[in-house]
Amino acid sequence: MSLDYYQRPFITISQPIIREIIKQPHLKRKSYWSLVPEREYNYLQAKRLVLEYYDVVLKEIEEIISSKSRIYWLHLSRRILPSTSGKDKSPITIGATRKIIDAAIEKYGKDEFCKCVGITGDINISEVFDGLLLSEYFEYERELLEKLPRQVVLTKFNQTNMLEYYTLEKLAYEVWKCGATLRALGKGAIIKVIHSDKEYFTELRSPELDFLINNYDDRKFSFITSRKGVVLEDQDDKNSGILFVPTYNIANTKINIINSIFKQFEIPLSFGDDMVTNFIPIAYPLRGFYNNNKPLFAAFSKKYKIEVVSILTVITAVAYRIFHKFFLEKELGMVKPFFLRGYQGPILENDILKELEYYKNFAFLNLDLNEQEKKTVNITDGYNFLKVENRELIDLLFAAPLKLFIPVSSNRLIIDYSKIPQILDDLMFQVGIDNENFKGDLFELVTNKTKSILPNNQCFAFDNSSKQIDYAIAINNIIIICECKLKENSIGYYKGNMESIESRRKEVIDKSINESNEKAIWLSRNPKGKNYDISKFKYLLPVGLSAFKEFTPSTNKKYWISDTIPRVLTIEEFNKIIDNKSVSDESYNIIEIEKSTDRSDINNR
């Protein structure tokens, strides 16, 4: 792919300042924490200090972003490779800080164009990058802008502006740091303020807590369910109703893996072997999301005064639009929203609404809507729900709720395709109904990578007692039995509220372990029943399964399969231990199966 107009200017502008930028945390950390007396602070004291510091950081972010337009910040941030300007460089943290920046742009950015951006054709080339392109060195960029269609470009932009962006990135990291610290405090850490340390405050953890938090952080998050705990995949049709949407390439994955897809669709484009793009497409099961969340639709409609089918139709129409233009019409310009920017625009609002009306019929097919559902769809309602309006609702610590359509002038908007996965992830969050058992039924279907060796319904013993085992699978002479828990996390849990974390431990971790233990003991005493027979196996291992990565609260062996594998797992973790056969008769919490007596004979006498 050829160079874009900004790439070499960015290098020229950044090189003298980039090393200095990443050396220290943002100065706000020093100015705030240097006034806090040096000592240790317990949970309540530390929480108050961290939240107070968060408010200070928030004001600084608002001051920076509100000085310029949304289109400026989007144009700039989406052309810089996702990273962090802080100590933690893990992919999860990179993704979190980028979401915080995106949320801040929606919340604080100006709706109208500012003096730092312009549109080629309306401005002179001398205005781009404050005249930098007039240099002989940038002849390529000048010629490029002259021959390309009209586009948004940076105008009043120099080292000061680049420094401002990296300052913003540092502040986003501080927001993440506040959230991470609050979560650690909720799990039992305290903080110590040390003015001589460049970090200024640090978590103090017991050796046990340090192990538990590191173990949690090293495990991967589950992507099988939404934040509500509802499975995404359509169990009736796993291949249809799926569309590609862009998401941040937080792992810096080399993009040449996509070349085979280009070849399959006969797209005359290929990426170099070492090329890393800011975004990477993921396959999202839109039909699965729609079908699996149907039990929640009435409650959602009552809460938000809109039909979910209108929202899903608009999202699917937008996702189909980018797919159709790039993969079917071979419109190569769409490589930018798919791989490089994650967004498209500015586009006239009327044009967006017209295109939504056109592509809604493709969305109907993708979602497999019946005639009654189609009649319920109101494109305007769905569009308005997905448009940034109530910016005061955006919570940077939670980085939500985010929107798909972002106003950048009185009649033009950006379509931010990269927000689709997060919008859907959050859509049903905190929409409750009295009976949410449907989530467990769907979850158990996903669990069945291999068919359960026990009945799907009740297991009946010969003494007429019975138990229902959610799922069971054998590894050598061991049967692993699973208790599934699908309780959604609260906002308090995500923000490190100690009571919320403790409630999670009781309702998910302890409950799944205790219930699976009870069932395993029953099975061990009744190895043969009216509709099952496990007498040929030697051991049972009871575990819990959750839609979310759970924080293991103790190193007590009750909570562990081995020294590093917790007993309450995500589906992905569970499948991994099955594939790797990571259990044995040396595993913790193994229960020996009693030698069978033929109770069927006894009952028949």
* Considering Lys89, Lys99, which residue is farther than 21 Å from Lys115 by Cα, in the same structural domain as Thr155 (by TED's automatic domain parsing) and either buried (at least 23 other Cβ atoms within 10 Å of the Cβ) or in contact with a helix residue (DSSP H, G or I) (Cβ under 9 Å, 6 or more places away or on another chain) (or both)? -> Lys99
* When region 304-352 is examined, which residues are found to be assigned to a helix (DSSP H, G or I), in contact (Cβ under 8 Å) with a residue 40 or more places away in the chain and acidic (Asp, Glu)? -> Glu349
* Asked: Give me the pairs: first residue in region 544-556 and buried (at least 20 other Cβ atoms within 10 Å of the Cβ), second residue assigned to a loop (DSSP other than H, G, I, E, B) and charged (D, E, K, R), beta-carbon distance under 7 Å, and six or more apart or on different chains, which are they?
  -> Gly544/Arg567; Phe551/Lys187
* Could you list, in sequence order, all residues of region 377-427 that are touching a strand residue (DSSP E or B) at 6+ places or on another chain (Cβ under 6 Å) and either assigned to a strand (DSSP E or B) or among the hydrophobic types (A, V, I, L, M, F, W, C) (or both)? => Leu386, Lys387, Val388, Phe405, Ile406, Pro407, Val408, Arg412, Leu413, Ile414, Ile415, Ile420
* **Out of Tyr539, Tyr493, sole residue that is of a type in the set (Phe, Trp, Tyr), in the same structural domain as Tyr559 (by TED's automatic domain parsing) and within 15 Å of Asn589 (Cα to Cα)** => Tyr539
* Structure fact -> In region 544-591, anything modelled with pLDDT under 95, outside any loop (DSSP other than H, G, I, E, B) and out of contact with any helix residue (DSSP H, G or I) (no Cβ under 8 Å at 6 or more places or on another chain) is listed as Glu572, Glu573, Asn575, Lys576, Ile577, Ile578, Asp579
* When you go through (1) within 22 Å of the chain's Cα centre (by Cα); (2) farther than 30 Å from Trp176 by Cβ; (3) among the hydroxyl-bearing types (Ser, Thr, Tyr) one by one for Ser562, which number turns out not to apply? -> (1)
* **Any hit, region 36-56, residues being touching a Leu at 6+ places or on another chain (Cβ under 7 Å) and exposed (fewer than 14 other Cβ atoms within 10 Å of the Cβ)** => yes
* Structure fact -> Of (1) at pLDDT 95 or above; (2) under 23 Å from the mean Cα position of the chain (by Cα), Leu353 fails just (2)
* Structure fact -> From the option list Phe262, Phe289, Phe271, single residue qualifying as within 14 Å of Phe323 (Cα to Cα) and either assigned by TED's automatic domain parsing to the domain that holds Leu365 or surrounded by 14 or more Cβ atoms within 10 Å (Cβ to Cβ) (or both) is Phe262
* Could you grab me the full set of residues in region 118-157 that are assigned to a helix (DSSP H, G or I), more than 17 Å from Ile11 (Cα to Cα) and not β-branched (Val, Ile, Thr)? => Ser126, Glu127, Glu143, Leu144, Leu145, Glu146, Lys147
* Structure fact -> Wholly inside region 1-101, helices (runs of 4 or more DSSP H) that include 2 or more residues that are within 30 Å of Gly345 (Cβ to Cβ) are 7-14, 18-21, 43-65, 70-77
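The values are calculated or read from the model by the stated rules, or taken from the named source; none is laboratory data. Small disclaimer: the values here were computed from a predicted structure and weren't measured. Glycine also receives a Cβ, built like all others from the backbone with ideal geometry; neighbour counts cover every protein chain displayed.
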